[in-house]
1. Please list ILE2, ILE62, ILE10 in order of solvent-accessible area, largest first, computed with a 1.4 Å probe with all protein chains present.
2. Along segment 62-73, what does the Karplus equation 6.51 cos²θ - 1.76 cosθ + 1.60 (θ = phi - 60°) give for ³J(HN,Hα), rounded to whole Hz, x for Gly and Pro?
3. Using Cα pairs under 8 angstrom and six or more residues apart, how large is the relative contact order of segment 1-58, in percent?
4. I'm spelling it out carefully: the read-out is mean projected area of the Cα convex hull in nm², the candidates are (i) 5.6; (ii) 5.1; (iii) 11.9, and one was derived from this structure. Which label?
5. Using a 1.4 angstrom probe, figure out how much accessible area segment 1-68 has per residue, in square angstrom, rounded to the nearest whole.
6. Using a 1.4 angstrom probe on the protein heavy atoms only, line up LEU68, LEU8, LEU28 by accessible area, largest first.
7. Can you give the accessible area of VAL3, probe radius 1.4 Å, in Å² rounded to 10?
8. What order do THR31, THR26 take when sorted by accessible area (1.4 Å probe), most exposed first?
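The values are calculated or read from the model by the stated rules, or taken from the named source; none is laboratory data. Worth saying up front: this structure is predicted, and the values here are computed from it rather than measured. Keep in mind that these areas ignore ligands, DNA and RNA; they rest on the heavy atoms of the full protein, side chains included. Shrake-Rupley method; radii C 1.70, N 1.55, O 1.52, S 1.80 Å.
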Amino acid sequence: MIVFLWLLLIAAMIAPLAMLVRGIVTFLQTTKADLEGSGPSVSAMKSNRMMQGRIFFQAVAILIATVLLLFFGKGS
């Protein structure tokens, strides 16, 4: 169980990094037309989804780390 949680924690720590890279790539692909258009562009919506994904995966990583700390705290 503990090994599984460690593996989940590592995956949950890598996921925000992947979302960050995807968000930066999306940001770099933004054109001047996207910035000057009226309303949110497709690029802006995608960047927003990337930010929400990073926040979600960071919350998952914190939750898993908390569970691991609870297991190790009770074992000592």
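1. Values: ILE2 60, ILE62 110, ILE10 90 Å².
The residues order as ILE62, ILE10, ILE2, largest area first.
2. So the Karplus estimates, Gly and Pro as x, are 5, 4, 5, 4, 5, 4, 4, 5, 5, 5, 6, x Hz.
3. On the way: 36 pairs, mean separation 28.1, N = 58.
Worked out over segment 1-58, it gives 49 percent.
4. (i)
5. On the way: 4930 Å² over 68 residues.
Normalised by residue count, the accessible surface of segment 1-68 is 72 Å².
6. Values: LEU68 5, LEU8 70, LEU28 130 Å².
Descending order: LEU28, LEU8, LEU68.
7. 100
8. Values: THR31 70, THR26 10 Å².
Accessible-area ranking of THR31, THR26, largest first: THR31, THR26.
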